[in-house]
Amino acid sequence: MKNVSASIILTVSLALAAAVHGADADSGLPEEFLDARPSNQLYMAYAEFKMGHHDLARQMWMHIGGSGRSEALFNLANLYIQGVGVDKDPGRGMQLYRQSAKAGSRAAAYQLGLIYLHSPDYKNHDQARHWLTVAALDGDSDAAGLLASLERDKPGDPLSQVEALLIHGDSDQALEQLETLAAASPPDYRAVTRLAWLYESGLAVERDIDRAAELFMQAAEAGNAEAQYALSVMYQTGVGRVQDDSLAKQWLQKSAAQSYPPALDQLKQIDQ
């Protein structure tokens, strides 16, 4: 986004839905979005998704190019894999994951590894190892750990087992395992964060923004960078938490301090 004050950046997504009527005639997207840099476009699209505006978020992700293309493709893939805001289409989701991974997304590479490892429709251990290796070489510790467990022929990370259940469509069992991991002593805060995503999106459970906010707060306070970023967006949008620009930036800074890429990108734009 062009150099503007932090307060404008932090409030711009709240105006997106109202701005649609004044949007570019060809794209149908808000001018504020079209004028923004890719990193800010990703943030705006994510904010719309969190507010339940799934179709607008999808259109935004389809439009994003440049340095934001790989993450936008990954988010689109998630929509089609999970059937959130669109008809579930695993084939389209896999195509988008591959495009995203080839564009540089290690998250997409890791997800492809999980799918090729666990999905009965796509199971291919050679492909699983390939994509997990790609993700591990790019610094994904979960992918590296799963590769190591495969080499030892031992069960993998419990969270990857949850992913496998979701891929198989066993959402009830996946939810039960997540709840167990989240309630452990100490809790697995990755599982707490994943539970929050489920409640936020309405996948496998009834959508409950308040419950999602509670879980994000729990994981964020424990130091989970992904949850800290999600909480920042909640404070920024006023969805799940009372809108508070100061707290939004504080949680964004905490997430960025742990080198969480979306937080780093957004904080960089705010500080310019």
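The values are calculated or read from the model by the stated rules, or taken from the named source; none is laboratory data. These numbers were taken from a predicted model, which means no experiment stands behind them. Positions of Cβ are generated from backbone atoms using ideal geometry, with glycine treated the same way; all protein chains shown enter the neighbour counts. Please note that ligands, DNA and RNA were not included when accessible areas were found on the heavy atoms of the full protein model with its side chains. Shrake-Rupley method; radii C 1.70, N 1.55, O 1.52, S 1.80 Å.
Taking only pairs six or more apart or across chains, which ones have beta-carbon atoms under 7 Å, a first residue in segment 246-261 that is within 17 Å of Leu42 (Cα to Cα) and free of Cβ contacts under 8 Å to residues at least 60 places away in the same chain, and a second residue that is open to solvent by less than 30 Å² (accessible area, probe 1.4 Å) and among the polar types (S, T, N, Q)?
Filtered contacts from segment 246-261: Leu252/Ser232; Leu252/Gln266; Ser255/Gln228; Ser255/Ser232.
Given the structure, is Gly139 at positive phi, over 19 Å from the mean Cα position of the chain (by Cα) and open to solvent by 40 Å² or more (accessible area, probe 1.4 Å)?
Numbers: at positive phi: yes; over 19 Å from the mean Cα position of the chain (by Cα): no; open to solvent by 40 Å² or more (accessible area, probe 1.4 Å): yes.
So Gly139 does not fit the description; no.
For segment 167-207, how many residues are over 16 Å from the mean Cα position of the chain (by Cα), in contact (Cβ under 8 Å) with a residue 40 or more places away in the chain and closer than 26 Å to Pro120 by Cβ?
Quick first cut of segment 167-207, residues over 16 Å from the mean Cα position of the chain (by Cα) only: 167-188, 204-207.
Keeping just the survivors that are in contact (Cβ under 8 Å) with a residue 40 or more places away in the chain gives 167-168, 207.
Keeping just the survivors that are closer than 26 Å to Pro120 by Cβ gives 167-168.
Residues meeting the conditions: 2.
For segment 145-156, which residues satisfy the criterion of being under 20 Å from Ala101 (Cβ atoms), modelled with pLDDT of 75 or more and either touching a Ser or Thr at 6+ places or on another chain (Cβ under 9 Å) or not in a helix (DSSP H, G or I) (or both)? Can you show your working first?
First, the residues of segment 145-156 that are under 20 Å from Ala101 (Cβ atoms): 145-147, 150, 156.
Adding the requirement that they be modelled with pLDDT of 75 or more leaves 145-147, 150.
The answer is Gly145, Leu146, Leu147.
Please indicate, with yes or no, whether at least one residue in segment 168-176 is in a helix (DSSP H, G or I) and surrounded by 18 or more Cβ atoms within 10 Å (Cβ to Cβ). Step through it out loud before you land on a result.
Quick first cut of segment 168-176, residues in a helix (DSSP H, G or I) only: 168, 171-176.
Of the ones still in play, those that are also surrounded by 18 or more Cβ atoms within 10 Å (Cβ to Cβ) are 174-175.
So far as segment 168-176 goes, yes, one or more of its residues are in a helix (DSSP H, G or I) and surrounded by 18 or more Cβ atoms within 10 Å (Cβ to Cβ).
Quick one: in segment 50-74, which of the residues that are assigned to a helix (DSSP H, G or I) and in contact (Cβ under 8 Å) with a residue 40 or more places away in the chain is nearest to Arg211 (Cα to Cα)? Spell out how you get there, then give the answer.
Taking segment 50-74 as the starting set, the residues that turn out to be assigned to a helix (DSSP H, G or I) are 50, 54-63, 66-74.
Keeping just the survivors that are in contact (Cβ under 8 Å) with a residue 40 or more places away in the chain gives 50, 56, 71.
Values: Lys50: 13, Leu56: 24, Glu71: 26 Å.
So the residue we want is Lys50.
Among the residues of segment 88-119, which ones are free of Cβ contacts under 8 Å to residues at least 24 places away in the same chain and part of a loop (DSSP other than H, G, I, E, B)?
Hits for segment 88-119 are Lys88, Asp89.
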